[in-house]
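So the structure is just underneath, and the comments pick up after that.
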Amino acid sequence: MLKAGIIGCGYISKKHLKTITRLDSVKLHAVSDVQKSRMEEAVSFYLENIACNAPVKQYQDYLDLVHDSEIDIIIITVISGLHAKIAKQGLIESKHVIVEKPLALSIREADEIIKLSRLKQKKVLVCHQLRYRPIFLKLKELLEKGTLGKPYMGAVSARINRSQQYYESAAWRGSWEHDGGMLINQGIHLVDLLVWLLGDINTVYGEVARNNELKEIEDVATGIIHFNNNAKGTIEVNTITKPATQGYCLSLYFEKGTIILGGAGFDKLEHCFIEGEDQLVRELKEVCKQKDEQFLMYQNFIDSILNHTLLVVDASEGKRALEVIFALYRSNNNKLPVELPLLSFSTIEMKDNSCHKEKMDE
């Protein structure tokens, strides 16, 4: 039985707690949060879902949880700016790590996590759970088999609403140092799918805009990607959609077909055509109804630990979408396309660039 500890008992932790209750090979050993009431709430939620009264330790200092020798897996659900720091501390203590997106807010920290994971021979799972949704696993399989032919283009869009109250509800929200950027928080899952499905990238060009000056980060982001296989990609994400979030879309254009997924829950196959594959199209429409990606992600993670199978989103894979977004941000600053691999970048650069621009405008 693997023992897990959760650091950060906010809203997102409930997803992880509920998933753990469904796994026979994992149990919750400890939780950590600066607020004692949130720890107590998390423990109560877990115990209610497993219908027993097993003891769960509570640590207000997360380092006490990291140093707990009984814990095998650390689950990180704190603010983005702390992800890399805690992941590295967990790996140093020889723990497996599950970290919510993003993996880090700099290339250097992402690379340090990858290096530590290999050095310590411990798994790092980055929570890009949409890769595990059956429809995307099936699309990946079809691409690898060549059923769809050459990729021509991929486009992602997210039309989201984030109110001023959203940013005011937590001091870290809307800051480059702790939040990391709108595209990292609201758009990274779509970017991850685009990169995973279409392949390695040559260059990225992007522009961002900030319309709400009461926060640091952007609320509009656009990008153009040139893939190594000559496919093109576009990114269009915003958090200024009125009056409420309208939904998400992934459009894929191939030599032998076109597939478009969208809807408010990103679970609607809006268009699906594959030459000479009518039965396959019918199957895809049925597969699209299936979800449970969080559970499937955990299953893959546990299997990779116990049976040494391939982990779909390890630290190296978790870096890929991050690198694309970082390249888009740097392109915005430099007004030029950026070649990958990107050797260095930190979201702090965006704050510095914004400060410099404001001084120039004075």
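Of note:
- Additional length obtainable on full extension of the chain from residue 137 to residue 115, 0.36 nm per residue less Cα span: 5.2 nm
- Put simply, the amide H of residue 59, placed in the peptide plane, has neighbours under 5 Å in 31, 32, 33, leaving out anything fewer than 5 places away on its chain.
- Matching the structure-derived semi-axes √(5λ) of the Cα gyration tensor in Å against the labelled list [x] 32, 27, 20; [y] 74, 21, 17; [z] 57, 23, 17 gives the label [x].
- Principal axis dimensions, region 62-145 - Cα atoms, whole angstrom, descending: 45, 28, 24
- With R₀ fixed at 22 Å, the C-beta to C-beta distance from residue 253 to residue 349 puts the FRET efficiency at about 0.10.
- Karplus (6.51, -1.76, 1.60) ³J(HN,Hα), θ = phi - 60°, over region 122-130, in Hz, Gly and Pro reported as x: 10, 7, 10, 9, 9, 6, 9, 5, 4
- Peptides 274-280, 31-37, 83-89 ranked from most to least packed by the mean count of surrounding Cβ atoms within 10 Å: 83-89, 31-37, 274-280.
- Most tightly packed first, judged by the mean number of other beta-carbon atoms within 10 Å of their residues, the peptides 210-217, 316-323 read 316-323, 210-217.
- Screening the chain for whole DSSP H helices with an alpha carbon extent of at least 18 angstrom along the helix axis and a mean Kyte-Doolittle hydropathy of at least -0.5 yields 36-50, 107-120, 293-307, 315-334.
- Accessible area expressed per residue, the chain, with surrounding protein chains retained (probe 1.4 Å, Å²): 46 Å²
- Average Cα contact separation per residue, the chain, under 8 Å, 6 or more apart, as relative contact order %: 18 percent
- Entry note, the chain: the mean residue ellipticity at 222 nm calculated from DSSP H runs of n ≥ 4, each adding -39500 (n - 2.57), is -12000 deg cm²/dmol after division by the residues and rounding to the nearest 500.
- Environment charge at residue 288 (Cβ cut-off 12 Å; Lys +1, Arg +1, Asp -1, Glu -1): +3
- Extent along principal axes [Cα atoms of region 207-362; Å; largest to smallest]: 62, 41, 34
- Close amide H partners of residue 79, meaning residues 5 or more places away or on another chain with modelled amide H under 5 Å apart, do not exist here.
- Cα-projected label distance for residue 264 with residue 60, points at 7 Å along beta-carbon direction, nm: 4.1 nm
- Separation of region 279-320 from region 1-48 is 22 Å, based on Cα centroids.
- Amide H contacts of residue 345 (H built 1.01 Å from N, in plane; Pro and chain starts excluded): 107, 108 sit under 5 Å, all sequence-distant by 5 or more or on other chains.
- Cα gyration tensor shape for region 232-321, rounded if a/c is under 1.5, else prolate or oblate: oblate
- Mean silhouette area of region 15-58, derived from the convex hull of its C-alpha atoms and averaged over all directions, reads 2.9 nm².
- Summing charges over neighbours of residue 188, with a neighbour being any other residue whose Cβ is under 13 Å away from its Cβ, gives -1 when K and R count +1 and D and E count -1.
The values are calculated or read from the model by the stated rules, or taken from the named source; none is laboratory data. Keep in mind the model is a prediction, meaning the values are calculated, not measured. Every residue, glycine as well, gets a Cβ built from its backbone with ideal geometry; the counts of neighbours run over all protein chains shown. Note: areas computed on protein heavy atoms with side chains; ligands, DNA, RNA excluded. Shrake-Rupley method; radii C 1.70, N 1.55, O 1.52, S 1.80 Å.
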